[in-house]
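Participant: First, the structure itself, so that you have it in front of you.
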Amino acid sequence: MTTGPGTPTGAEAGPRGVRARPDATDRALIRAARLGDDLAFRQIVDRYGPQMYRYAVRLVGGSESDAAEAVQEAFISAWRGLDAFRGESSLRTWLFRLVHRRAVDLQRKRKPTPVTDEALTGLVAPAVDNALQHVLDEELLHELQAALNELPWQQRAAWLLREVEEHSYEEIGEALGVPVSSVRGLLHRGRRTLAERMSRWR
C-alpha cells in the first residue's frame, strides 16, 4: 500500500529503518516509528491496513477506490500525528477512528452508494452444490443490502463494526467518537430496523 508523499513504504524505507520483529507489540512499533523508524510504521500498515480497508469498503458501499483513499488518508494522518497518540485507546481503535473520519468526509462529498453483495457475502454461509439455496442466498444478500442502505450512517457503521469486524462496544465508541451508551442505542435501533426488514428470513 502506498500511503502518500512523505509516508514510508517497505520499498522506500530509508537507512534509519530497522525491521522490527514480526511479533513486536503495537507499543514497540509506535515508539520506533516516533523515532523515525520507517519500517516500524510499515509494519503497522501491514498489520492493520487490511482490516481498515475491509471496513472502509463496506462502510462506503463497496467502492474500492473510495475505501483505498480513506485508508491512505488515515495512514497519512497517523504518520503525521504519531506524537498525538497517547495510548488511551488501542492502536487499532485509533486507526479505525481515523479511517472512519476519512470515510465520513468522502461520503459527505459524494452521493451515498449501496453496500455491495461482495461486501456482505461473509455474513451468509455459501451454498454447496445447491442451485435453489444459491438463489435464496443471493436474495437474502440483496435484501440485507437494501436494509443496510436505509440505516442512518452511524447505525450502519456501528452495526458493521460489531457484527462484521467484531469490535467491542468500547472500541466502537472510540472509533465513532461517541459514549458506550450511544453505541448501545445505535446498535439497538439498527438491529431492530434490520430485524423488521429481514423478518421473512427468520
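Laboratory data are not the source of any read-out in this text; all were calculated from the coordinates shown. Keep in mind that this is a model prediction, so the values were computed, not measured. When we count neighbours, we look across all protein chains shown, and the Cβ atoms used for this are built from the backbone with ideal geometry, even at glycine.
Participant: Cβ neighbours within 10 Å, averaged per peptide: list 24-35, 153-164 in order, most packed at the top.
Facilitator: 153-164, 24-35
Participant: Pop out the ³J(HN,Hα) list for the range 84-92 in order, Karplus 6.51 cos²θ - 1.76 cosθ + 1.60 with θ = phi - 60°, rounded to Hz; leave Gly and Pro as x.
Facilitator: Running phi through 6.51 cos²θ - 1.76 cosθ + 1.60 with θ = phi - 60° gives 7, 7, 9, x, 6, 10, 6, 4, 4 Hz.
Participant: Let me ask another. Given the peptides 44-54, 140-150, 81-91, arrange them by the average over their residues of other C-beta atoms within 10 Å, most packed first.
Facilitator: Numbers: 44-54: 18.4, 140-150: 16.0, 81-91: 12.0.
Going by the mean number of other Cβ atoms within 10 Å, highest first, we get 44-54, 140-150, 81-91.
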